[in-house]
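**Student:** Below is the structure I would like to discuss, written out as structure tokens.
The values are calculated or read from the model by the stated rules, or taken from the named source; none is laboratory data. The structure displayed is predicted, hence computed values, not measured ones. All Cβ positions, even for glycine, are placed from backbone atoms using ideal geometry, and neighbour counts span all protein chains on display. Accessible surface areas use protein heavy atoms only, side chains included; no ligands, DNA or RNA. Shrake-Rupley method; radii C 1.70, N 1.55, O 1.52, S 1.80 Å.
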Amino acid sequence: QVQLVESGGGLVQAGGSLRLSCTASGNIFSIYAMAWYRQAPGKQRELVAIIIRGGSTNYAESVKGRFTISADNAKNTVYLQMNSLKSEDTAVYYCNADISSSMGDTGYNYWGQGTQVTVSS
């Protein structure tokens, strides 16, 4: 079994910064990708940023230039540095990962429990 635990959410004023962390633990053989999604009230969950094994990244247009995703492979941890936060960034942020638990395992998709980010204007 694999668990994803997020931390770092909170309340911040517009223009401020927050850093989210997500650590994967459990029976991990390989991590193929880790990502951050968010879901605002009344809206669908959307991809914010993703980092693929090897280091390539991709971002939603709305956060490009403001958010940075990074990973510490030794710690099975992904980070989301969020700068110049706006009120529209307010949402529950979820960690997501594609992880295999053994050689030959094609991997499964896991979700964290979510962490609230609130940006006050």
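**Student:** Leaving out ligands, DNA and RNA, what percent of the accessible area of the stretch 25-121 is carbon and sulfur, probe 1.4 Å?
**Tutor:** 48 percent
**Student:** On to the next question. Please give me the summed charge of the neighbours of T90: other residues whose Cβ is under 12 Å from its Cβ, Lys and Arg +1, Asp and Glu -1.
**Tutor:** Spelling it out: positives minus negatives among the neighbours equals +1.
**Student:** Also, I was wondering about something else. For the chain, what is the relative contact order in percent, using Cα pairs closer than 8 Å and at least 6 residues apart in sequence?
**Tutor:** Reported as a whole number, the value is 36 percent.
**Student:** Here is a follow-up. Taking the Cα-to-Cβ direction at A40 and at Q13 and moving 7 Å from each Cα, how far apart do the two end points lie in nm?
**Tutor:** It is 2.2 nm.
**Student:** Just to compare against my own numbers: the Cα pair-distance distribution for the stretch 69-121, 5 Å bins, whole % per bin, please.
**Tutor:** 5, 15, 18, 23, 16, 10, 6, 4, 2, 0
**Student:** While we're on this one: Return one whole number: the accessible area per residue of the chain in Å², for a 1.4 Å probe.
**Tutor:** I get 53 Å² per residue for this part.
**Student:** While we're looking at this one, here's another question. For E88, E6, what's the largest-to-smallest order of accessible area, 1.4 Å probe?
**Tutor:** E88, E6
**Student:** Further question on the same structure: Students often forget the sequence filter, so: which aspartates and glutamates lie under 15 Å Cα-Cα from K75 once same-chain residues fewer than 8 apart are removed?
**Tutor:** List returned: E6.
**Student:** Using Cα springs under 10 Å in a Gaussian network model of the chain, which residue among G42, G65, G26 shows the largest mean-square fluctuation?
**Tutor:** Residue with maximal mean-square fluctuation among G42, G65, G26: G42.
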